[in-house]
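Participant: Have a look at this one before I ask anything.
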Amino acid sequence: MVSPEYAVYYAIINTIPPGRVATYGDVAKCAGWPRNARRVGYALHALRDDTVPWWRVVNAKGEIGRRESSAMAEQRRRLESEGVVFDSCGRIPVAEYGWASLDVTQ
């Protein structure tokens, strides 16, 4: 069973289109809980399937979140398959690939 808070995060993440990313903080702000970026991470960690595009959420630096290396490689592979380009430091230019339509003004 998914908590109501996590369900809100998942619904927001489901709106991020292919080839775009959002930060944990962006998702939290959009949900109305701007100080809960870490909880967005917890929600994604609790996710047990691919119905929510978890790979489109990155940290504020445009980096893939720290987790076991196979999951990090999978996230990068999925993002690259959607056309997202990483720089030489392994970061995504969020200004370029961030989803501008994500309403983080709440």
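The values are calculated or read from the model by the stated rules, or taken from the named source; none is laboratory data. What you are looking at is a predicted structure, and each value in this text was computed from that prediction instead of being measured. Note: ideal-geometry Cβ built from the backbone for every residue, glycine included; neighbour counts use all protein chains shown.
Participant: Give the residues of region 55-71 that are over 14 Å from ALA37 (Cα atoms), modelled with pLDDT of 85 or more and outside any loop (DSSP other than H, G, I, E, B), sorted by residue number.
Facilitator: Once the filter is applied, which keeps residues that are over 14 Å from ALA37 (Cα atoms), modelled with pLDDT of 85 or more and outside any loop (DSSP other than H, G, I, E, B), region 55-71 yields TRP55, ARG56, SER70, ALA71.
Participant: Does any residue in region 18-37 that is under 15 Å from TRP55 (Cα atoms) come within less than 6 Å, Cβ to Cβ, of a residue that is assigned to a helix (DSSP H, G or I) and of a type in the set (Val, Ile, Thr) six or more places away or on a different chain, and which pairs are these?
Facilitator: Taking only residues 6 or more apart or on different chains, the pairs are TYR24/VAL40; VAL27/ILE12; VAL27/VAL40.
Participant: While we're looking at this one, here's another question. Return the pairs, sorted by first residue and then second, in which the second residue is in a loop (DSSP other than H, G, I, E, B) and surrounded by 15 or more Cβ atoms within 10 Å (Cβ to Cβ), the first residue lies in region 56-83 and is free of Cβ contacts under 8 Å to residues at least 12 places away in the same chain, the beta carbons are less than 6 Å apart, and the residues are 6+ apart or on different chains.
Facilitator: That search, which allows pairs on different chains as well, returns MET72/ILE64.
Participant: Right, next: Please state which one of GLY32, GLY98, GLY25, GLY62 is at positive phi and surrounded by fewer than 20 Cβ atoms within 10 Å (Cβ to Cβ). Break it down into steps so the answer makes sense when it comes.
Facilitator: Numbers: GLY98 fails: at positive phi; GLY25 fails: at positive phi; GLY62 fails: surrounded by fewer than 20 Cβ atoms within 10 Å (Cβ to Cβ).
Unique residue meeting the criteria: GLY32.
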